[in-house]
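Student: Just dropping this structure here.
The values are calculated or read from the model by the stated rules, or taken from the named source; none is laboratory data. Given the structure is predicted, the values throughout are model-derived calculations rather than measurements. Note: ideal-geometry Cβ built from the backbone for every residue, glycine included; neighbour counts use all protein chains shown. The accessibility values were calculated without ligands, DNA or RNA, using every heavy atom of the protein model including side chains. Shrake-Rupley method; radii C 1.70, N 1.55, O 1.52, S 1.80 Å.
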Amino acid sequence: FKVHITQGDQLGKAVIVSWVTVEEPGSNTVLYWSAYSKKQKSEGKVTTYKFYNYTSGYIHHTTIRNLKFNTKYYYVVGIGHTERQFWFITPPEVGPDVPYTFGLIGDLGQSFDSNKTLTHYELNPQKGQAVLFVGDLSYADNYPNHDNVRWDTWGRFTERSVAYQPWIWTAGNHEIDFAPEIGETKPFKPYTHRYHVPYKASGSTAPFWYSIKRASAYIIVLSSYSAYGKYTPQYQWLEQELPKVNRSETPWLIVLMHSPWYNSYNYHYMEGETMRVMYEPWFVKYKVDVVFAGHVHAYERSERISNVAYNIVNGICIPVKDQSAPVYITIGDGGNLEGLATNMTEPQPAYSAYREASFGHATFDIKNRTHAYYGWHRNQDGYAVTADSMWFFNRYHHPVDDSTSAQ
Ligand SMILES: [Fe+2]
């Protein structure tokens, strides 16, 4: 009986409530209310899946719509059986100067360190209002036959946060669960059954790439593990998506993906390179503010750099300072059982502003259309300590050099 929520539409007026029941399907109804509205009901659907010798519980997904912005709602699931009550707060109405604080967590897993990361996020005085999760959730695939009980236990572990605030999902390699040796040939089967996202609302045709608006941010989620070459669905969607971003409405353009493009660790080295070649010119053209990725179990923040001049024959292939380029942040340090990525390429590249192999999480605290305060929090520090921080200047409304090094 594990509950989680995520944004259910493009604007933040809907919430997808998901939960699992074990013995019998029970009701798909979510009962919800605020201090200003009477009790209402919303109906959803139930699904199950099998994975090798595992059969899932009854997985319910119910979308609550037409919510009021900036309002605390209580909700109840398990109607008529074991009722459980939770609450969430809807985001403020989308607008250019709306402050909002996002948490950033990646590669979480379910270890002692994972628990520490989540506790630090919960007790961070910066108070994240929604989590941008950059992929690799349960690490069930590291257990024999991808033991899907681990998906259940991960749901139970994270419920204490994700039942009360939305986590925005990105698919990582540990979501693929492709295991032909045990007859499991449909990629992303457990992930897509358990974690629904509002992809249709942004015109996407698959749950692995989509966008949402939340407060003053426009968030684009991409899939490192779906086709992204020219003519593919993801490519076509992103090509049409980027021109739609109205920076007068949502100044902050944030991209989430799993595999980082700029990574100077000796882990997963250059795995993001092919996608970078395809999409980096667009990120510069449309002045993406920041790209968050995971995958590498460590922390790294880049300067604003691009590497888009190379054209096969000119030999110009080196990252250069570029004030139209995003900052690239690797935040794959959630604390899963695979441990830290401690081995780095030497020397540290000039474009790498800060790198450290410690577990932790980050917060991105938008103040208004021009300024956002970003902080990385290590698990070995106190809850309020930022080990690395940066004032972001918005690339559209305040495109002043915001680099933190003198180089
Ligand atoms: Fe990964």
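Student: I'd like the full set of residues that are over 23 Å from residue 253 (Cβ atoms) and either of a type outside the set (A, V, I, L, M) or out of contact with any Gly (no Cβ under 9 Å at 6 or more places or on another chain) (or both), limited to segment 387-407.
Tutor: Hits for segment 387-407 are 405, 406, 407.
Student: Find all pairs meeting these conditions: Cβ atoms under 8 angstrom apart; at least six residues apart or on different chains; first residue within segment 381-407 and under 21 Å from residue 333 (Cβ atoms); second residue basic (Lys, Arg).
Tutor: 385/378; 387/378; 388/301; 390/301
Student: Being without any contact (Cβ under 8 Å) to a residue 12 or more places away in the chain and either of a type outside the set (D, E, K, R) or within 16 Å of the ligand (Cβ to nearest atom) (or both) is the filter here; which residues of segment 152-198 pass it?
Tutor: 178, 180, 185
Student: Does residue 97 satisfy the condition of being in contact (Cβ under 8 Å) with a residue 40 or more places away in the chain, touching a Lys or Arg at 6+ places or on another chain (Cβ under 7 Å) and among the acidic types (Asp, Glu)?
Tutor: Yes, satisfied.
Student: Going by what's in this entry, would residue 314 be described as away from the ligand (no atom under 16 Å from the Cβ) and free of Cβ contacts under 8 Å to residues at least 24 places away in the same chain?
Tutor: It is true that residue 314 is away from the ligand (no atom under 16 Å from the Cβ) and free of Cβ contacts under 8 Å to residues at least 24 places away in the same chain.
Student: Next question, about the same structure. Filter segment 231-270 for residues that are within 15 Å of the ligand (Cβ to nearest atom) and hydroxyl-bearing (Ser, Thr, Tyr); which is most open to solvent (accessible area, probe 1.4 Å)?
Tutor: For segment 231-270, the residue satisfying everything is 269.
Student: Let me ask you something else. Out of the residues in segment 376-397 that are in contact with a strand residue (DSSP E or B) (Cβ under 6 Å, 6 or more places away or on another chain) and in a loop (DSSP other than H, G, I, E, B), state the one that is surrounded by the most Cβ atoms within 10 Å (Cβ to Cβ).
Tutor: Out of the qualifying residues, it is 379.
Student: Another one. If I go through segment 292-311 residue by residue, how many of them are more than 16 Å from the ligand (Cβ to nearest atom) and either closer than 18 Å to residue 228 by Cα or in contact with a helix residue (DSSP H, G or I) (Cβ under 6 Å, 6 or more places away or on another chain) (or both)?
Tutor: 2
Student: Please return the ranges of strands (runs of 3 or more DSSP E) entirely within segment 16-130 where 2 or more residues are of a type in the set (A, V, I, L, M, F, W, C) and under 30 Å from residue 389 (Cα atoms).
Tutor: Ranges flagged: 84-89, 100-105.
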